Amino acid sequence: MDANAVSNVLSQAVNNKQLVDAGAVVAQPNGKVVLQGSAGLAVNEGQIHADGVDGHKAGVVTVQGTQGALLASGGVMTANGSGKNSSGGSVTIKGGTSATTEADSEIEAKGGDTGDGGDLEVSAPNVNIHGHADASAIAGKLGTFKVDPDTLEIVSGSATTNQMSVADITSNTNANVLIQATGTITFDADLTFNLTQKGRR
């Protein structure tokens, strides 16, 4: 790749390496944090929080790129409830071509002391999912982790593009898992969970 091409790619990238916290905003309904790469890549290497407060649901965190969206290793995105009557919000990683959560990354939409787990989503034609996903609830309903690629294969070993390993689902995920592939879903490993197949919305 020549220097001009590199410059063009970098100019289209949005990369957060810092802390973004919407905690003070979430007391208002629908508090929202959006990291959007309108012409290319959206990358989060830092922390983005839109957590709730006592009596209020958590907000919305979205990383979205027209080409790709990446939650890098060490990156954290949370929309967790906090205190009483505080449910988890929603965390979405969405790419026009690809969406990736690297190992040692975290997406969370946990319920508070009372309240339900929220909604997590990784959506793109091509997905790579290796991070931790948690939509648990101490005293409420378990939330949902939606995976929405073109096709998906469940494998017993290490996973690559458009694959999820059994370990990624059973060990790295604390949520109901919902697969909404527009094409085929293939099982090359033994796994039991509720399966829904629909198109991306």
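Nothing in this text is a laboratory measurement; each read-out follows from the coordinates by a stated rule. Owing to the predicted nature of the structure, the values given are computational and were not obtained by experimental measurement. Cβ atoms come from the backbone with ideal geometry, glycine included; neighbour counts cover every protein chain shown.
Quick one: net charge of A175's neighbours, Cβ under 14 Å, K/R +1, D/E -1?
Details: positive: K110, K141, K146; negative: E106, E108, D116, D119, E121, D134, D168.
Local charge sum for A175: -4.
Ordered by packing density, taken as the mean number of other Cβ atoms within 10 Å over each peptide's residues, highest first, how do 99-105, 113-119 rank?
Values: 99-105: 20.6, 113-119: 22.1.
Highest to lowest by the protection proxy: 113-119, 99-105.
Using only the alpha carbons of the stretch 14-187, determine the length spanned along each of the three principal axes and report them from longest to shortest in whole angstroms.
Principal extents (largest minus smallest coordinate, Cα): 42, 35, 26 Å.
Could you please report the charge total around H130, scoring K, R as +1 and D, E as -1 over all other residues with beta-carbon less than 12 angstrom from its beta-carbon? List each step's numbers first, then the result.
Details: positive: none; negative: E102, D104, E106, D168.
Spelling it out: positives minus negatives among the neighbours equals -4.
Run the numbers for Q36 and T97: contour at 0.36 nm per residue of separation, minus the present Cα-Cα distance, in nm.
On the way: separation 61, 0.36 × 61 = 21.96 nm, distance 1.42 nm.
In short, 20.5 nm is gained.
Distance from the Cα centre of the stretch 159-186 to that of the stretch 129-157, in angstrom?
Cα centroid of the stretch 159-186 versus Cα centroid of the stretch 129-157: 7 Å apart.
Reachable aspartates and glutamates from K146, Cα under 14 Å, same-chain residues fewer than 8 places away excluded?
Of all the aspartates and glutamates, those that pass the test against K146 - Cα under 14 Å, at least 8 places apart if same chain - are E108, D119, E121, D134, D168.
All other residues with a Cβ under 14 Å from the Cβ of G117 taken together, and with Lys, Arg as +1 and Asp, Glu as -1, what is their net charge? List each step's numbers first, then the result.
Working: positive: K57, K110, K141, K146; negative: D51, E108, D113, D116, D119, E121, D134.
So the surrounding residues net to -3.
Along the Cα→Cβ direction, 7 angstrom out, place labels at F187 and T170. What is the inter-label distance in nm?
The answer from the label model is 1.3 nm.
Compare the peptides 55-65, 149-159 by average per-residue count of other Cβ atoms within 10 angstrom and give them in order, highest first.
Numbers: 55-65: 24.3, 149-159: 17.6.
Put in order of decreasing packing, that is 55-65, 149-159.
In debye, nearest 20: dipole of the stretch 14-187 around its Cα centre with unit charges on the Cβ of K, R (+) and D, E (-)? Show your work: numbers first, answer last.
Working: 8 positive and 17 negative charges, 65 e Å.
Value, rounded to 20: 320 debye.
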